[in-house]
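Working notes, beginning with the structure itself.
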Amino acid sequence: MTDYAKYKELYLLCFTEDTEEDAELLFKNVLSKAKLISENDKNGSPIAMLFLMDANIIQNGKALDYYYLYAACTHPSYRGKGIMGNLLERAKETAIKNKKLGIFLKPANPPLFNFYAKSGFLPYFNICKIDMDANTFINQYSPELLKTESATIEEWYYLRKEFLSEINSSYVDFSKEILITASDGCSAIKSKDFGFVYETRDNLLLVKEAICTKDSVNKLLSAISYILKNSNCDSLEIRLPPLLKDQLANFDHILQPFSVIWFTPNANQPPNTNGHQGFAFD
């Protein structure tokens, strides 16, 4: 059995926004069950790593087997030496060996889209993203919770599958363990027409994923406005499925690249810009 203590040290060194508690939960519930690919120094300490988690992409009701890549990082002292590029090649070999159709991931920041492109990863899932200050959003959408109730993240897991299967022909179906761990510290709201998962980060209300029927966008945004008004946040970020873009005409530059993908040689899967990943460990 792998001793993950040193890998957690590397994780916390590279992902400074996470706490020791965050890392412990992540490794215990998810990463310890994922496939680890790493490079170690001469003393056996990891200097670079990535993890491959099982995840399905649902296309037209059919579950397709992929890997979701997470926690790719290199020790600051070893960056710029091509180590991560080598790990990505090993990840591809692992995907082929285990008969996966490909690997997808959400780059941590926009410049990394170009980095992954060098290893053959293509932009794949887009997202509708709303960034606004709190007062502007509250003035635009009357705060109202309507007929809603709080939901557990486990309930959200089933709710998102139900909604996404109705409005999207292609979406990522993460395991329950991944979704619950990625949502640690979040709250969820549900109704018969919409639902969303959110958390506060400093003065930002981050709606990590919001889903709704195509004719319920305004109800959804009013409910988010209610949460925002009753928070201490002065800014807002909302992530929605790309197929809702036409219902969000009041917002400029809303459709943005969200993740990248690499297909195994036998996958024959063209990019699908209407697909929805939505959730990520961020």
Report task. Take LEU255 and decide whether it is open to solvent by 10 Å² or more (accessible area, probe 1.4 Å), under 22 Å from the mean Cα position of the chain (by Cα) and touching a residue at least 40 places away in the same chain (Cβ under 8 Å). Result -> yes
Requested in this report: Return yes when SER165 is in contact (Cβ under 8 Å) with a residue 60 or more places away in the chain, open to solvent by less than 80 Å² (accessible area, probe 1.4 Å), part of a helix (DSSP H, G or I) and not acidic (Asp, Glu) and no when it is not.
Outcome: yes
Query raised in the report: Of the residues that make up the stretch 205-213, is at least one within 17 Å of SER231 (Cβ to Cβ) and in contact with a Cys (Cβ under 6 Å, 6 or more places away or on another chain)?
Result: yes
Query raised in the report: Taking the stretch 109-133 on its own, how many of its residues are in a strand (DSSP E or B) and farther than 14 Å from PHE263 by Cβ?
Result: 8
Report summary line: Filtering the stretch 168-188 for residues that are assigned to a helix (DSSP H, G or I) and open to solvent by 20 Å² or more (accessible area, probe 1.4 Å) leaves a count of 3
Query - Pairs with Cβ under 7 Å, 6+ apart, first in the stretch 29-47 and part of a strand (DSSP E or B), second of a type in the set (Ser, Thr, Tyr) - result: LYS35/THR94; LEU36/THR2; ILE37/THR94; PRO46/TYR7; PRO46/SER38; ILE47/THR74; ILE47/TYR78
**Report entry** Within the stretch 189-214, considering residues that are in a loop (DSSP other than H, G, I, E, B) and in contact (Cβ under 8 Å) with a residue 12 or more places away in the chain, the one farthest from GLU154 (Cα to Cα)
**Finding:** ASN203
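The values are calculated or read from the model by the stated rules, or taken from the named source; none is laboratory data. Here the structure is a predicted model, which is why all the values come from computation and not from measurement. Neighbour counts are summed over all protein chains in view; Cβ atoms, including those assigned to glycine, are modelled from backbone coordinates with ideal geometry. Each accessible area value is taken on the protein alone, full model and side chains, heavy atoms only, with ligands, DNA and RNA left out. Shrake-Rupley method; radii C 1.70, N 1.55, O 1.52, S 1.80 Å.
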